[in-house]
Amino acid sequence: MLNEAALLAEVKEDSVVKLLQKVIQIESTNPPGNELALARWLADYFTQASVEAELLEYEGKHANLVVRLQGRGQRPALIFSAHMDTVPAGEVPWMFPPFSGTLHEGKIYGRGAADMKSGLAAMAEAALILAQSGISLGGDLIVAFTYDETHGLQGAKQLLGNGYLEGAGAVLISEPSTLDVFTAEKGALWLKCRAKGKTAHTSMPQLGQNAILKMAHFLHRVEESLDLSADHHSLLSEPTFTVGTIHGGVTINVIPDACEAELDIRLVPDMDYQKVVQRVRELGEGYVEVEVLDWKKPVEGDPKAGIVSLSLQAVEEVTGLSRQPKGVSYYTDGSVIANSLQIPMVIIGPGDTGETHQPNEHVEVSRLVQAVKIYLLIATRYLAGTQ
Ligand SMILES: [Zn+2]
């Protein structure tokens with residue numbers, strides 16, 4: 001019989017804090033996404049603990065890192081999923097330098113502290129404790145640390161395409177959740193819209209066609225008329241529409257002949273994204289062209305899956321808090337992993353959902369330590385086979 005108390009006693013705050021600080025100090029902002037340096041450092045960290053890690057390098061600067069703890073083949077594998085890239089630190093000055101990993105009053109500060117180097121460090125720590133415990137697992141534990149999650153999910157796509165995640169029965173993702181349990185996520189539809197006009201001197205605007213004004217008119221129409229409210233999901237909030245970027249014009253006294261805007265539309269499962277594209281195109285018909293940049297599928301999830309009840313149980317045991325499955329508005333590597341493998345997804349991370357992409361991003365050390373324990377309990381119970 002597995003002695004869980006002995007396993008949890010192996011979780012040392014000092015060790016996971018140091019690991020997270022180091023991981024924050026190796027900058028991996030995307031763009032450009034220099035995840036390779038971080039992946040190399042993590043590969044060494046596992047190797048020094050006598051755990052084999054496979055570094056998969058792409059284009060000289062990106063990398064995925066995979067660690068597979070072999071089980072006895074009695075159970076499907078469990079994926080520990082985390083991404084290594086972060087969004088940039090931004091222009092606003094931070095209380096502590098964003099790549100310092102400063103520990104201050106029980107919190108660790110830095111870019112990625114919440115999203116999601118804390119989740120990554122907690123998963124790495126849990127995997128190492130498990131590997132060193134000598135416990136024989138019924139199924140494999142696959143640690144999948146990816147690149148480019150914050151943008152195109154390329155790292156997860158590479159791992160899937162190359163068969164690294166085969167045999168998995170569930171995926172546990174350590175994106176920020178404040179240790180809440182998420183089982184569904186929205187999809188993200190990214191559109192590029194282009195308005196064309198005709199240049200003229202601004203003293204004679206009647207001779208030109210103003211592309212910026214066309215775009216402004218179009219964006220207003222989309223905001224007023226793109227009705228997404230009919231679609232509901234029991235765990236997710238309503239679909240949303242935002243304009244992320246707009247570019248147009250060259251100088252103040254020339255009528256602009258081009259304007260581009262990028263739209264981010266978040267959809268719930270069961271919505272036909274092509275119908276939404278079609279509707280946006282109709283609204284711009286004759287004066288704005290609409291191109292689909294990317295479509296990240298939503299994750300419907302299965303709140304009744306075994307991994308979900310195991311997760312709720314583990315979270316309650318470690319934190320004392322009783323949770324219900326919820327959904328999130330952000331996308332994760334689960335969009336490709338859970339949908340492609342047709343497996344249930346659970347998101348539990350120590351980061352606070354509200355800290356994501358903010359200045360002074362931080363994580364509570366107490367939650368970081370709790371996350372390691374939660375991952376240990378979920379992995380050992382999900383992967384327990386017959387002895
Ligand atoms: Zn993230």
Members of region 236-275 found to be exposed (fewer than 11 other Cβ atoms within 10 Å of the Cβ), out of contact with any strand residue (DSSP E or B) (no Cβ under 8 Å at 6 or more places or on another chain) and not aliphatic (A, V, I, L, M), listed by number: 251, 272, 275
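Each row is one residue, and each column tells you yes or no for (1) touching a Pro at 6+ places or on another chain (Cβ under 6 Å); (2) more than 16 Å from the ligand (Cβ to nearest atom).
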{"residue": "29", "(1), (2)": "yes, no"}
{"residue": "34", "(1), (2)": "no, yes"}
{"residue": "37", "(1), (2)": "no, yes"}
{"residue": "70", "(1), (2)": "no, yes"}
{"residue": "88", "(1), (2)": "no, no"}
{"residue": "115", "(1), (2)": "yes, no"}
Would you point out which residue out of 353, 380, 386 is of a type outside the set (Lys, Arg) and at pLDDT 95 or above? 380
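Please find, within region 25-49, the residue that is surrounded by the most Cβ atoms within 10 Å (Cβ to Cβ) out of those that are farther than 21 Å from residue 150 by Cα and free of Cβ contacts under 8 Å to residues at least 40 places away in the same chain.
Only one residue fits best here, namely 43.
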Given the conditions (1) modelled with pLDDT of 95 or more; (2) outside any helix (DSSP H, G or I); (3) not aromatic (Phe, Trp, Tyr), every one holds for residue 314 apart from (2)
Pick from region 85-109 the residues that are within 17 Å of the chain's Cα centre (by Cα) and under 19 Å from residue 353 (Cβ atoms): which of them is most open to solvent (accessible area, probe 1.4 Å)? 87
Could you name every one of the strands (runs of 3 or more DSSP E) located completely within region 19-116 that has at least 1 residues being in contact with a Gly (Cβ under 8 Å, 6 or more places away or on another chain) and at pLDDT 95 or above? 62-69, 77-83, 107-109
Can you say whether residue 12 is exposed (fewer than 14 other Cβ atoms within 10 Å of the Cβ), out of contact with any Ser or Thr (no Cβ under 7 Å at 6 or more places or on another chain) and modelled with pLDDT of 95 or more, as far as the supplied structure shows? yes
Please work out if residue 78 is open to solvent by less than 10 Å² (accessible area, probe 1.4 Å) and free of Cβ contacts under 8 Å to residues at least 60 places away in the same chain. no
Hey, can you tell me all the residues within region 125-161 that are under 25 Å from residue 368 (Cα atoms), away from the ligand (no atom under 16 Å from the Cβ) and outside any loop (DSSP other than H, G, I, E, B)? 125, 126, 127, 128, 129, 130, 131, 132, 133, 141, 142, 143
With the requirement that a residue be more than 16 Å from the ligand (Cβ to nearest atom) and in contact with a helix residue (DSSP H, G or I) (Cβ under 8 Å, 6 or more places away or on another chain), what does region 170-197 give you? 170, 181, 183, 189, 191, 193, 195, 196, 197
Contact list, first residue from region 321-339 and in contact (Cβ under 8 Å) with a residue 12 or more places away in the chain, second anywhere and within 12 Å of the ligand (Cβ to nearest atom) and open to solvent by 20 Å² or more (accessible area, probe 1.4 Å), beta-carbon distance below 9 Å, six or more apart or interchain, is 328/353; 330/353; 330/356
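Anything in region 185-218 that is of a type in the set (Phe, Trp, Tyr) and open to solvent by 20 Å² or more (accessible area, probe 1.4 Å)? List them, or say none.
190
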So which residues in region 337-368 are open to solvent by less than 20 Å² (accessible area, probe 1.4 Å), assigned to a helix (DSSP H, G or I) and more than 14 Å from the ligand (Cβ to nearest atom)? 338, 365, 368
Residue pairs qualifying under the 7 Å Cβ cut-off, at least six apart or on distinct chains, with the first in region 296-313 being on the phi > 0 side of the Ramachandran plot and the second being open to solvent by less than 60 Å² (accessible area, probe 1.4 Å), are 301/183; 301/184; 301/344; 301/345
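The values are calculated or read from the model by the stated rules, or taken from the named source; none is laboratory data. Predicted model only: the values in this text are computed from it and were never measured. Cβ atoms come from the backbone with ideal geometry, glycine included; neighbour counts cover every protein chain shown. Keep in mind that these areas ignore ligands, DNA and RNA; they rest on the heavy atoms of the full protein, side chains included. Shrake-Rupley method; radii C 1.70, N 1.55, O 1.52, S 1.80 Å.
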